[in-house]
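Following: one structure in structure tokens, then a few remarks.
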Amino acid sequence: MLGFGSSAAFCSRILLIRMQMVELDVPADIAAMSFEEALAELEQIVRRLEGGQVKLDEAILSYERGALLKRHCEKKLNEAQQRVDRIVIGADGAVTAEPAKLD
């Protein structure tokens, strides 16, 4: 045993380390993009790949960049959702956040 406790705890730590490594792998140019910029590039990649006129090596690189752009867009959307969520104080004084109703 490596001193991590249960195998579930070990797996959780490995997953956390892997997630941190993935965050470090995001190129600076993508990290600096707005949601709209990243989405526009992602849409362009999808159109190019769907067109079928891309060489295999280029398609693989485009797919990998598209995956990074998708992750960045999801992160930006999550950040926006957190900013939009309402802070609510209940009758008992408990503070909670409710998702905003955007209907």
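The values are calculated or read from the model by the stated rules, or taken from the named source; none is laboratory data. Predicted model, so just to flag it, every value in this text is computed and none were measured. Every residue, glycine as well, gets a Cβ built from its backbone with ideal geometry; the counts of neighbours run over all protein chains shown.
If E58 satisfies every condition in (1) over 24 Å from A97 (Cα atoms); (2) acidic (D, E); (3) under 21 Å from the mean Cα position of the chain (by Cα) but one, which is the exception?
Among (1) over 24 Å from A97 (Cα atoms); (2) acidic (D, E); (3) under 21 Å from the mean Cα position of the chain (by Cα), E58 violates only (3).
Taking interchain pairs and intrachain pairs at least six residues apart, which have beta carbon atoms under 8 angstrom, with the first residue in region 18-38 and at pLDDT below 55 and the second part of a helix (DSSP H, G or I) and surrounded by 12 or more Cβ atoms within 10 Å (Cβ to Cβ)?
V22/R71
Scanning region 71-101 for residues that are in a helix (DSSP H, G or I) and either in contact with a Leu (Cβ under 6 Å, 6 or more places away or on another chain) or of a type in the set (V, I, T) (or both), which turns out surrounded by the most Cβ atoms within 10 Å (Cβ to Cβ)?
My answer is C73.
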